[in-house]
Amino acid sequence: MVRVRTRFAPSPTGSMHIGNLRTAFYAYALAKHNNGDFILRIENTDKRREVARGIEGIKHLLQIFNLKWDEYYVQSERLDLYKKAAQGLVASGHAYKDEGAIRLKITRDEKISFIDFVLGKEVTWDTNILEELVLLKSDGFPTYHLASVVDDHEMKISHILRGHDWLPSTPIHLLIYKYLGYDLPQIGHLTDILDPEGGKLSKRKGSVSVDGMLKEGYLPEALLNFVILLGWAPKDNRELFTLPEFVEAFDPKGFQKANPVFNRVKLDWFNGQYLRRLSLDDLNFQFTIFNLQFAKLEKEKQMAITKLIQDRIVKLTDINTLAKFFWGTPKVDKDLLGKNYKEHLLKAVEAIKKDLPLDQVPMQNNFKVGDFFMDLRIAITGSKFTPPINESIAILGKEESLKRLRKIYV
């Protein structure tokens, strides 16, 4: 039985797209579900597009998601292999030299096909429509077409998973496999992730880089769950997976044919689920990373705030808006206050000074409950949308709360 060996082969040319992360998850799960090997291969033969520390960034992101590779290769360190393969194609008549480069020579009037194990069907091309592309550039670096085929053969890759946008290149790769006498691995092309506004999801349309989404405050666990279900479905419609659980449940038959839509609301739901599962200590630690002002507060106050807002946040960065009034005096727009705000706040001050329950104030003074608490909330926090105001006042403390109220009605 052939050992399952998959690879994730990113290029260090910029921030990783969410679609690339999905490919990595699928390739990892396919290998590990079958007790196989997951290989990380850096495809950096286009040196003009390579960004500084791009390779380190790729490794770091995979480590964040606990995607541990069994083997590691860098294409720029393997140039002799590609040169040898290109020269072999020239010697066999399947390639020719062209102004210092080596270009593929295609036999015409043939059909070339393969069975896509993701699409579940045979795909066929006529060789007459194919262009004789460059395989080895004049600078000695291979193009993607030659390097990926040679590497997949040399690394004994059994299953190739890649984006649907690579499908037009597949017939060229099939010919290279054929001309070099290599066995063909199983190849599958994944669906395109669509933008809700139409078209393919693109970094130009918003923050869909993995780095960007982590910086927005999405947890790696939530991104895992969201991403794996963009193009794959389990047999039981389950939604919440740890990485080991995903590996155990993974079945290539679950790959879907229809292009999924990037649903931010669903991602927020996943993130909320995992934020609720964090211990208060773990969530508090995350908050200290996302807000330096919060990190300066006393630990007891930090923990009280964390407990208060845990069930109300969607992303870790929500602490920057939802709780900022705890460490900074807010600017209050008096236009947001009701016409009776001075009377409301005066009675609130009297109750707080005497340590009386604020819930009794509206009834004792014939105030409308909603109006009273809205004025109180705005005066204390500067916003209509905050955590529960009674608990917020308790965390702020008596002195600070009175100070803020007096500042508004005096």
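Quick note: the coordinates plus some simple rules give every number you see, no bench work behind them. Computed from a predicted structure; not experimentally measured. Note that we place each Cβ from the backbone using ideal geometry, even for glycine, and neighbour counts take in every protein chain shown.
Structure values in brief
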{"read-out": "Residues of the stretch 133-142 satisfying the condition of being in contact with a helix residue (DSSP H, G or I) (Cβ under 9 Å, 6 or more places away or on another chain) and either among the hydroxyl-bearing types (Ser, Thr, Tyr) or surrounded by fewer than 21 Cβ atoms within 10 Å (Cβ to Cβ) (or both)", "value": "Leu133, Val134, Gly140, Phe141"}
{"read-out": "Residues of the stretch 102-114 satisfying the condition of being surrounded by fewer than 16 Cβ atoms within 10 Å (Cβ to Cβ) and either in a strand (DSSP E or B) or small (Gly, Ala, Ser) (or both)", "value": "Lys111, Ser113"}
{"read-out": "Test result for Gly328, among the small types (Gly, Ala, Ser) and part of a helix (DSSP H, G or I)", "value": "no"}
{"read-out": "Count of the stretch 148-161 residues which are touching a strand residue (DSSP E or B) at 6+ places or on another chain (Cβ under 7 Å), of a type outside the set (Gly, Ala, Ser) and surrounded by fewer than 21 Cβ atoms within 10 Å (Cβ to Cβ)", "value": "2"}
{"read-out": "Among residues of the stretch 16-55, those that are in contact with a helix residue (DSSP H, G or I) (Cβ under 6 Å, 6 or more places away or on another chain) and surrounded by fewer than 17 Cβ atoms within 10 Å (Cβ to Cβ), counted", "value": "1"}
{"read-out": "Neighbours by Cβ (under 7 Å, 6+ apart or cross-chain): first from the stretch 383-405, free of Cβ contacts under 8 Å to residues at least 60 places away in the same chain; second exposed (fewer than 13 other Cβ atoms within 10 Å of the Cβ)", "value": "Leu402/Lys353"}
{"read-out": "Selected residue (criterion: surrounded by the most Cβ atoms within 10 Å (Cβ to Cβ)) from residues of the stretch 360-410 that are in a helix (DSSP H, G or I) and of a type in the set (Phe, Trp, Tyr)", "value": "Phe372"}
{"read-out": "Close pairs (8 angstrom Cβ cut-off, 6 or more residues apart or separate chains): farther than 18 Å from Arg41 by Cβ in the stretch 1-22, among the charged types (D, E, K, R) anywhere", "value": "Ser15/Lys203; Ser15/Asp211"}
{"read-out": "Residues that are of a type in the set (Asp, Glu) and at positive phi, drawn from the stretch 229-284", "value": "none"}
{"read-out": "Pairs where the first residue, in the stretch 29-54, is free of Cβ contacts under 8 Å to residues at least 40 places away in the same chain and the second is of a type in the set (Gly, Ala, Ser) and in a helix (DSSP H, G or I), C-beta under 7 Å, 6+ apart", "value": "Asp37/Ala31; Phe38/Ala27; Phe38/Ala31; Asn44/Ser76"}
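Yes/no matrix, rows are residues, columns are (1) part of a strand (DSSP E or B); (2) free of Cβ contacts under 8 Å to residues at least 40 places away in the same chain:
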| residue | (1), (2) |
| --- | --- |
| Tyr72 | yes, yes |
| Lys84 | no, yes |
| Gly88 | no, no |
| Gly93 | no, yes |
